[in-house]
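Below: one structure, written as structure tokens.
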Amino acid sequence: MADSASFATLLETFAASPAFKSALRKQPGRKTQASPPRAFEHVVSDAHPLLAALIALSHPGRTWLVCADVRAQERLFPILQQWLPEALFFPDAPPVPVDGALADPETGAERLSILEKLREAATQSECIVLTHASLGSSVPSPDSLRKTEIRLKMGQTISRESLIQNLETQGYEVVPRVAERGQIAVRGGILDLFGFQHLRPVRIELFGDEIESIRAFDLDAQTSVEALEECALLGAEAGDANLMPLFELVSKTDRFAWSDAYSQPKEEDAPLSFHSHAAAETFLLLTSNAPGAAVGPDNNATACFESPLGTFEAGDFIVDEKKRELFFSQLSEWRREAWNVFLFCRNEGEQERLGELIPSGEADAIHWIAGEILGGFICPGARAVILSDADLLGRSTRNSRQRRRPVAEVLRKGMPDFTELEEGELVVHLEHGIGRFEGLRDIPREGIPEQVLVLSFANQAKLYLPLEQSALVSRYVGIGRRNPPLSELGDGKWSKARKSAEHSIFQYAGKLLALQAEREICSGFTFPADNRWVEEFEDAFPYTETPDQLTAVADAKADMESSKPMDRLICGDVGFGKTEIAIRTAFKAVMGGKQVAMLVPTTVLAEQHYRNFRERMSAFPVRIDMLSRFRSAAQQKETITGLKDGSVDIVIGTHRILSGKLEFKDLGLVVIDEEQRFGVLHKEKLKERFRQVDQLTLSATPIPRTLYLSLMGAKDMSTLETPPANRIPVETFICPYDERTIREAIKREIARGGQVYFLHNRIESIHRVRERLQTLLPKARFLVGHGQMDETELEDVMHKFVSGQADVLISTTIIESGLDIPNANTILIDRADRFGLADLYQLRGRVGRSDHQAYAYLLLPRALLSVGESRKRINAIKQYSSLGAGFKIALRDLEIRGAGNVLGTQQSGHICAIGFELYCSLLKQAMAKHKGEWKQTPDQASVYIDFVASREPDFAAAAGQKAPAFLPLQYLADSQPRIEAYRNLSSIRTLSALESLEANWKDRFGARFPEAVENLLTLAAIRIEAGAKGITAVEVKEHKVMLRRGEDYVLIGNKFPRLPTTQSPTRRLSRLLELIRQL
């Protein structure tokens, strides 16, 4: 391709034209009032980001770009960022219309962090994108921010106690582990702080009173991610004290750019006369005329009009020759008249594909730009034409560059965490069975209090477990809501249940592996390797793939290219990108000369996939059709004929696809979506009908990683655990049920052109709710959907809502989660307290699928939010509004359901009996035994050393005669991190893992280990090193070292080795490790 023009080239083309040069020239300002606004008239809205960038970049200071509303702001901002990567998005104040509502903290933090930057004058071109409403909103004054600010720098000397006290008076809360804004955790010389305006928490490490290091850390993993030189903390009052209108922060050297948001200030409206308040230059970007604006002699000199090409339907540019010819002749004309033609392509794949289609003479004259615009336009004043691949290929211009909101790290789903023990919850003790965790207690031993876990069992029996043995205990997680009875201490029922589960799991593993072996023998079609079109098609994906997506696609392709029929299950949460995997495998199958059938549970979902497939494949000659009751009899007949003669490549449909009457010319791949919603009969019919055909199954219920790892090698599975980048978190409000809140939330969404879900889970009262809402909002259009409607009636309701024929859908939880309705961006959940965390998580996931900010309102009875309710209940509700620890539990609950779905009823029963974590470890063991990979010898040696004290009271009683090997209370005082640290240590199996754990402890708890911690890690190294050398037991008594391999002792020179008596206990421990390493 001739010219790969940059964004700068495009800006230069506009800035160099006389009309724009004159419009952007700085005018001498008046001292008393602002110069009259200058207008760019007849500028189509698609051109606003480009002109806004010109205005901002031609000014060395700050430009305030004001949009009419949030929707316009969210549309314009990602495009503007291509020219101004450092542009700032100032969010509207969160809508909390009712007292007592708990607001989402993210927006407040984002606003505060930008206000902090606004205290300093801009030293270069800078742009803030905001709404008209935001400009008049109240914000804390720079003075009030300065008063509450605490600034910390490297090398600074501070008093730890005074700092903590100061932060507490500023509204910070001391907690064991930082999980949300406004919290501090103290561990010896380590202070974890999460400032109210911070996007990430920071870790301060002190050496004495000196700040030795400042690091930002990851909230989930609790590990450091970036070293900082300094940090500033604002107090809780920063957001409340001394408020002032935002426009008062506009200085005389700033510029205004109004994107269709300008309104002439009225005389009586003095406080809102933003324009006269500051003598700032004002520019107007207007789609029509601006009365009273100062413009040049020719109002059209800087006009930008819609592209004369119009828009193409999906696939037209490829299929419709006349439309293509029209485009080529227009290109030739522009070239002859010396116009600059810029063609925006989202990526290289689109560029290559269009480059192949456009005649080379014309393609050489085009300036190709890798990027995005809202839509094509033409500017006669700059003799420039701007086009986009979306215009030509008939794709929606839904932003793939969503606003990257710099919130605290998006939750990455890793291993479900079973360590967080909550008082009153059921737990599993590996040896004694199911008990209840009663909390932690200090028990005096040798005159020193020792912390123990208190577990209660049947018949009021209690077990006191030292923290260092906490690895034997895990949270009980079963399937379903029923809890098992508590085990009796000392009876044989637990070991019987465990043995029964072990036996059943062993048989189940054998059956799975046998099925897998059977499938290996079958032969199917071997698809060819990817051709150039497949590569171009994948490059044209407008979003960034997650690592999980890339792995899943690679796995599916490897299956297709092998000789055995593919049978792969893709598990992933809603919106994690399963559809794209289906689209890529389907495209590969068509390129291999085969047909594809996609089976979906509902017609509405079929229609959605039909649109997505057509849009994605619009640049290629692939014929896609749909079989559903929304198609006429004639259309269906045509599709059936096309499948028989091979002219239809891909068909998407409901159960009709399973009909024996449907004939394919050469079917090569079947994709089943929302597999969990098909009954057993349908699944059997599928297996029968498409035995030799490759099958790809998509499941919307995620499954736990531990189970996934246990099943590896027995089931072809891919899991999607990473959420897509740029997903703007849903802003969540917890408020009492209040009709004002409901009315405002719905009005706000409808005003920005969106739709609303109202979730009411009682069928008997759902129509009364509709009547009440209709009274509150007489102009809104409502629909009702619930599970007692027959299937076709419910589908019609959904079809109307998807096609925008209603504003609000009042429904029960029956409404399918697989549907992608980008226009529905507000959900109100009535009686949110009646839902589990997992349900709330899934319901909240229905919104926030587009590049617009989404809102979720959890409505609760007022009594639950009152002062009288226990703090614990409010904290539990608060968790719903964050992406933090609360949702980890939700994800885990959700995954366990997925586990039941994958394993079947009988195995679910065993999970209920022995708990999920133990089930997974037994399944992994069974798999290894069947494959002959199971080692009878443990990978760690058991260790007993008479001169080591592994508990604090024992060390105190030994009066310096023993080496301490434990986590001292002074080093790590809080019980939850202590339990976690001991559990992590007990699960370590390799030296490299031990090194990682050591680095993690240094980062989280302090780099200077006490002697007891050093010895604890040495003890772990002895266990691992000995195990690696086949030693099963290490025993040291009175300096004599007895090492055993099974029943045999290891002798050196025909005698037991001895440790020097003159050395200190700690030195002797290190000597023992050296001795084992030398074996």
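Any read-out appearing in this document is the output of simple, stated calculations on the displayed coordinates, not a laboratory observation. The structure presented is a predicted model; accordingly, all values stated were derived computationally and were not measured. Note that each Cβ is placed from the backbone with ideal geometry, even for glycine, and that neighbours are counted across all protein chains shown.
Values computed for the structure shown
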{"quantity": "Bins of 10 Å, starting at 0 and running to the largest distance - Cα pair percent for the range 426-497", "calculated": "20, 48, 25, 6, 1"}
{"quantity": "Built amide H within the under 5 Å cut-off of Val943, gap 5+", "calculated": "Val1034"}
{"quantity": "Long-range HN-HN contacts of Phe283 with modeled amide H, under 5 Å", "calculated": "Arg38, Phe256, Ala257, Trp258"}
{"quantity": "Residues Thr1032, Thr169 arranged by fewest to most Cβ contacts within 10 Å", "calculated": "Thr169, Thr1032"}
{"quantity": "Share of alpha-carbon pairs per 5 Å distance bin for the range 473-559, given as whole %", "calculated": "2, 9, 9, 13, 11, 9, 10, 10, 9, 8, 5, 3, 2, 0"}
{"quantity": "Note, ³J(HN,Hα) from phi for the range 472-478, Karplus 6.51, -1.76, 1.60, rounded to Hz, x at Gly and Pro", "calculated": "6, 10, 9, 4, 7, 10, x"}
{"quantity": "Which of His503, His198 has the fewest Cβ neighbours within 10 Å, and the rest in rising order", "calculated": "His503, His198"}
{"quantity": "Sequence ranges 452-459, 161-168, ranked by mean other-Cβ count within 10 angstrom, highest first", "calculated": "452-459, 161-168"}
{"quantity": "Cut-off under 5 Å, modelled amide H: who pairs with Ala854 long-range", "calculated": "Glu731"}
{"quantity": "Square roots of five times the Cα gyration tensor eigenvalues for the range 719-828, Å", "calculated": "22, 19, 14"}
{"quantity": "Net charge over other residues, Cβ less than 15 angstrom from the Cβ of Ser162 (K, R count +1; D, E count -1)", "calculated": "-2"}
{"quantity": "Share of alpha-carbon pairs per 10 Å distance bin for the range 143-239, given as whole %", "calculated": "17, 54, 28, 1"}
{"quantity": "Loop chymotrypsin sites (Phe, Trp or Tyr not before Pro), the range 972-1079 (other Cβ atoms within 10 Å of the site Cβ: 10 or fewer; DSSP)", "calculated": "none"}
{"quantity": "Among Gln595, Ala714, Gln636 the positive-end extreme of the charge dipole of the range 524-718 (Cβ point charges)", "calculated": "Gln636"}
{"quantity": "Out-of-range pairs (alpha-carbon distance over 23 Å; input Lys322/Lys644; Lys496/Lys929; Lys685/Lys929; Lys962/Lys1040; Lys594/Lys685; Lys665/Lys715)", "calculated": "Lys322/Lys644; Lys685/Lys929; Lys665/Lys715"}
{"quantity": "Expected-Rg normalisation [2.2 N^0.38 Å, Cα atoms] applied to the range 919-1052", "calculated": "1.19"}
{"quantity": "Rg(Cα)/(2.2 N^0.38 Å) for the range 178-235, N = residue count", "calculated": "1.02"}
{"quantity": "Rg followed by Dmax, in Å, when the range 615-667 is reduced to its Cα trace", "calculated": "11.0, 33"}
